[in-house]
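Here the structure comes first, spelled out in structure tokens, and everything after it is commentary.
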Amino acid sequence: TAIGPAAKDAVPVLMELQKKAPDLASQITYALKVFGVSNTKLLLDQLKDPNPTARHAALEMLKENWDDNELVAPVITVLNDKDAGNTLEAIRTLGCVGGGSKEAEAALIELLGSQNFYDSSEAAHSLGSIASRGHPLVNAIPALIAALKVDRIRNDAAFALGEVGENAVPALLK
């Protein structure tokens, strides 16, 4: 139950508190959401915060913006985060916001080849998430088929191809 516009006065106070107590970033982001003040610009600014917890909280909130391609480029910048948890959260967020975005698809395809199991596995799942919402992943299909030959992500690639559905059949039959 959001309190809506009445919460506007609390936003600057909460943002100042976040600067003074960065360990509260996740809780402050949640409070802003409850207030109904989930401001996308605020969350995008938070992706640049030096505190990894603040970046993580922003990514979690951005996932609620399904297929919002305006968010893809800023989220891609977090793929190289020093915090591995934020990298994974950025991959998951791309699976939510990246439907229809060639940039998101390309970034996730590249991550399929990562030596980091978690990154490549999550990239396959994010591609599957995008496909499950009806977005064709023409460029991802060959990469997912190739990933079927990689033991550590074989199951994840199969899942994603299942979400792609009939569009993957011709390439699978080659």
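The values are calculated or read from the model by the stated rules, or taken from the named source; none is laboratory data. Remember, predicted model here, so these are calculated numbers, not experimental data. Cβ: placed from backbone, ideal geometry, glycine included. Neighbour counts: every protein chain shown. Only protein heavy atoms, including side chains, enter the accessible area calculation; ligands, DNA and RNA are left aside. Shrake-Rupley method; radii C 1.70, N 1.55, O 1.52, S 1.80 Å.
Taking segment 110-148 as the range and being under 21 Å from residue 66 (Cα atoms) and either part of a loop (DSSP other than H, G, I, E, B) or open to solvent by 30 Å² or more (accessible area, probe 1.4 Å) (or both) as the test, the residues that pass are 122, 125, 129, 132, 133, 134, 135, 136, 137, 138, 139. The number of residues in segment 46-63 that are open to solvent by 10 Å² or more (accessible area, probe 1.4 Å) and of a type in the set (A, V, I, L, M) comes to 2.
Filter segment 64-102 for residues that are small (Gly, Ala, Ser) and under 21 Å from residue 50 (Cα atoms); which is least open to solvent (accessible area, probe 1.4 Å)? Top of the filtered list is 90. Please verify whether segment 156-174 includes one or more residues that are in a helix (DSSP H, G or I), over 16 Å from the mean Cα position of the chain (by Cα), modelled with pLDDT of 95 or more and surrounded by fewer than 14 Cβ atoms within 10 Å (Cβ to Cβ). Looking through segment 156-174, none of the residues is in a helix (DSSP H, G or I), over 16 Å from the mean Cα position of the chain (by Cα), modelled with pLDDT of 95 or more and surrounded by fewer than 14 Cβ atoms within 10 Å (Cβ to Cβ).
Quick check on residue 41: is it out of contact with any helix residue (DSSP H, G or I) (no Cβ under 9 Å at 6 or more places or on another chain), of a type outside the set (Val, Ile, Thr) and at pLDDT below 75? So residue 41 does not fit the description; no. Scanning segment 96-118 for residues that are under 14 Å from residue 156 (Cα atoms) and within 11 Å of the chain's Cα centre (by Cα) returns a single hit, 108.
Whether any residue in segment 26-34 is part of a loop (DSSP other than H, G, I, E, B), more than 19 Å from the chain's Cα centre (by Cα) and of a type in the set (Gly, Ala, Ser) is what I want to check. Walk me through how you get there before you give the answer.
First pass over segment 26-34, keeping only residues part of a loop (DSSP other than H, G, I, E, B): none.
No, that holds for no residue.
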